[in-house]
Amino acid sequence: MIDTGFNRLGLSASEMSTLDADRSLVSGFDLALVMSHLACADEPKHDLNAVQLKRFTAARLIFANAKFCLSNSGGVMLGAPYQFDMVRTGTALYGGQVQANAPNPMAPVARLDAPVIQVRDVEAGDTIGYGASYRFDARARVALLSIGYGDGLFRGLSATNARPGGKVYFGDQPAPILGRISMDVTADVSRITCENVRRGSWAQIIGPQQSAYDLAGDAGTIDYEVFTGLGSRYERIYQGLN
């Protein structure tokens, strides 16, 4: 591992200079792979990308017989000069957005749904959830979903009367999240017409109508954190390609 500007892991610039001055220090090692990591691959025009590429390319003079790997998901999108012998595609494989203001050409493979465990009517003036942070100004119908912060759903998706939060989908219709995210989530289904929402119905959290990037935006984070935060309570279903 070589540190080319991230300052996290790897041989430092001074250590690389030492190796460059005395190649015998690495002559006894049969190195299979040399790696580094891009700090700003999600920003294609960032100056540090070219700096890291230059530093990493220079290392080939020292480790001439090894394979080289620099690019994460964002780095792959920077083009062939950054791809070397292999790449490390992570969040891109799940459909995450890996570069700012640019779509991911890879198809999303992850979907997340949550079941409705209760549907109830609430009256104007009622509040909902911890802290009574959301008050209804009209009669409404709400659905309680079996998903919450214990499953990796961020509290940043919570909603108050002054600030909208996240949303879930029933079919292609959005249902706004109401109140605080807790061990369960409440969504407003008053305007849902695509189906009769009831106990046992399923709400889409991540899927065709709402990407992990969209969900992350409502929570004030990034889709990578959404994917890595998915909890152990979910039933995971793996489907192969036909």
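The values are calculated or read from the model by the stated rules, or taken from the named source; none is laboratory data. Predicted model, so just to flag it, every value in this text is computed and none were measured. Please note: Cβ atoms are built from the backbone with ideal geometry, for glycine as well, and neighbour counts cover all protein chains shown.
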Residues satisfying the stated conditions in segment 1-40, i.e. polar (S, T, N, Q), in a loop (DSSP other than H, G, I, E, B) and either under 38 Å from the mean Cα position of the chain (by Cα) or modelled with pLDDT of 90 or more (or both): 4, 7, 12, 36
Qualifying positions in segment 1-41 - surrounded by 15 or more Cβ atoms within 10 Å (Cβ to Cβ) and in contact with a strand residue (DSSP E or B) (Cβ under 8 Å, 6 or more places away or on another chain): 2, 3, 10, 11, 16, 19, 34, 35, 36, 41
Residue that is surrounded by the most Cβ atoms within 10 Å (Cβ to Cβ) [pool: residues in segment 42-73 that are touching a helix residue (DSSP H, G or I) at 6+ places or on another chain (Cβ under 6 Å) and modelled with pLDDT under 95]: 73
From 55, 8, 23, residue being touching a His at 6+ places or on another chain (Cβ under 8 Å) and among the basic types (Lys, Arg): 8
Residue list for segment 180-218, restricted to those being surrounded by fewer than 19 Cβ atoms within 10 Å (Cβ to Cβ), in contact with a helix residue (DSSP H, G or I) (Cβ under 9 Å, 6 or more places away or on another chain) and small (Gly, Ala, Ser): 182, 217
Residue 197 being among the aliphatic types (A, V, I, L, M), in contact with a strand residue (DSSP E or B) (Cβ under 6 Å, 6 or more places away or on another chain) and closer than 27 Å to residue 108 by Cα: yes
Long-range neighbours under 9 Å by Cβ, at least six apart or interchain, first residue more than 13 Å from residue 186 (Cβ to Cβ) within segment 148-159, second among the hydroxyl-bearing types (Ser, Thr, Tyr) and crowded, with 18+ Cβ neighbours inside 10 Å: 155/149
Matching entry among 172, 188 (being at pLDDT below 95, closer than 20 Å to residue 214 by Cα and in the same structural domain as residue 217 (by TED's automatic domain parsing)): 172
Count of residues meeting criterion [under 15 Å from residue 111 (Cα atoms), β-branched (Val, Ile, Thr) and modelled with pLDDT under 95] in segment 200-228: 2
